[in-house]
Every structure is written in C-alpha cells, then in structure tokens.
C-alpha cells in the first residue's frame, strides 16, 4: 500500500515519453500494480535493432527498498541474459539497487545493457563464450534470435487471421490478448470453448 | 483619508452608504487617495501562511517515495514536523521516514550518490513565509 502512490506516478511517468525513450511499462491487469509488463525496443545499431522485447516485472512488497524483479519473456541472445529462462544479470537489479532508481530507469539500464554486454559477468556462459571467442557468430545468432522471437505482432492482422477461421472479432481479440497474441493458443482456447 | 495597511486588525464600523464606494475602490485596485474622505478599516481578515522545507526548489520530491518534501512519506500521518526532511553529509535530502527505512534494510549508502550515509546538519531547514490575503 505504501508504495502504490509512487507506483502510480511511475507508470504515468514511463508512459509519457515511451515513443522517444523506447521503453514502457503497463499493468498486466488493470488495478494490479504489482505485475507489470515492460517493453524495450531493441537499440539501434545493435543486433537487437527492430526487435520488441517483453519483460515480466514483479514489484515486491518492499519496493522501492527492494529492486523490482525483472525477467525477459522474449527470447534473447545476450551474455547477461539467460537464453533459457530470460533471467537477467544486472547489478542494479540486485545488490546495487537504490530506491532513487525507478522502473523506467531500470528498463533504460536494460536497454543500455543490450547496447554493451558485459561478458565478464555472464548470466549465460555459453552465450558469453561465443561473444568472446567468435564475435561474428554471436552477432548473427543474436540477429537471428531477434528476427525469430522479437518481432512485433501486428494485432489487427492476428485478429483477422483468427477471424478467418470462423470466430467473431470480439472473442478472437479477447483470446489473443489472453494468450499474449499467440495465435495457436488463442485458437485452441476458442475451439475448446465451443 | 488615512491610508491603512491591509493587515491592520482594527475593527471598525463602515457606514452603509460608503460601502459600495469602498468596494469599488478595492476592486479597481486603486491606492487609497489621501484626498478621499473615506475611512477604511478592516473588520476581519483571513491570514494565510505557507511553509516549505528548505531543500531545493519547491517542486522537488523525495527521491525515495517521490512525494513532495512538503507531502507525507508512507508511514507518516501528517506533513511537517511529523515527516521531516533530513540531509546527508553528501547534501542529499530525503524524508526522515524514507531514508530510515532504507538504512534499516541493511544498506548504508545514500540512494543518490552511493556514498556512505551520514546524517548532516539539520538545523534551520524550515523557511516560513507569510502571505497576506
């Protein structure tokens, strides 16, 4: 309860310039400020350019005295992010957290981490090894993962495709939203509901 | 007429027929002329005072709770003395409650500059300015 004033403010703040900053955060379900979905646009000039990366954000009870818990839900090839689980190795999300930091500054720090990986302090040893030994291969893998997993979903197109299978627009949209725009999961739900 | 400061608290009777004139004068914001025979005395006034913490500009917020310094930190009931602003030796200011919670969570540094936190001088932080109605 104590932090909800600050959280409300933070979410309003992060939405203000999301077009220019390239990061945003919204509540997963309206009214619950503890579960957020963050989005980071892949920084220009990196292997992540053109990608949209989603981050699960959980706000602990002690926030802002404890850091927000963040984890990539979009697969990403990066030395400091687990290619399997999306876990992030970033000091400010751990022992270097300060209550003067915010969700927005944390997301901006992640964006900066995407620009300059720290292979010396890896989260994913395999990725870090590749980064250090075969930079070309690393770059092409990271690019390939961006193109494969981090492409923005055109929501209208997805709704239209599901509608073409014989569902009405409203339920198609609701099912897609529920399943994070995963079309087959949405169709499965719609079929199960028949 | 005798010109009086508006803060004067002298109570008076204002003759009925002069009231309109007096109001007109007030509304047009004219300085009372010495030639006027009108005698204005303030019967009642409403004093308003304003205070701020002397911690940076007025719209600055506590870096921990992001509420204004003049506002209330989480856990405090009332603004002001119940929720004072304290300074570190590094010069950074926070609500007492906010920085205390931080220091109680096994951290010892200033949230802004990460220097070891030491409480600095907290004398005479408050500035009171009075405003006339």
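Since every read-out is calculated from the coordinates, none of them should be taken as a lab result. Just so it is clear, the structure is predicted and the values come from calculations on it, not from any experiment. Here the Cβ is made from the backbone with ideal geometry for all residues, glycine too, and neighbour counts use every protein chain on show.
Some values worked out for this structure:
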| item | result |
| --- | --- |
| For B:106-113, mean number of other protein chain Cβ atoms within 10 Å | 3 |
| Residues B:69, A:167, sorted so that the one with the fewest Cβ neighbours within 10 Å comes first | A:167, B:69 |
| 10 Å Cβ neighbours from other chains, averaged over peptide A:95-102 | 6 |
| Gyration tensor (Cα) of chain A, equivalent ellipsoid semi-axes in angstrom | 29, 24, 14 |
| Contact order relative to length of segment A:4-149, as percent, for alpha carbon pairs under 8 angstrom and 6 or more apart | 21 |
| When segment A:19-69 is reduced to its Cα atoms, the Kirkwood hydrodynamic radius in Å | 12.1 |
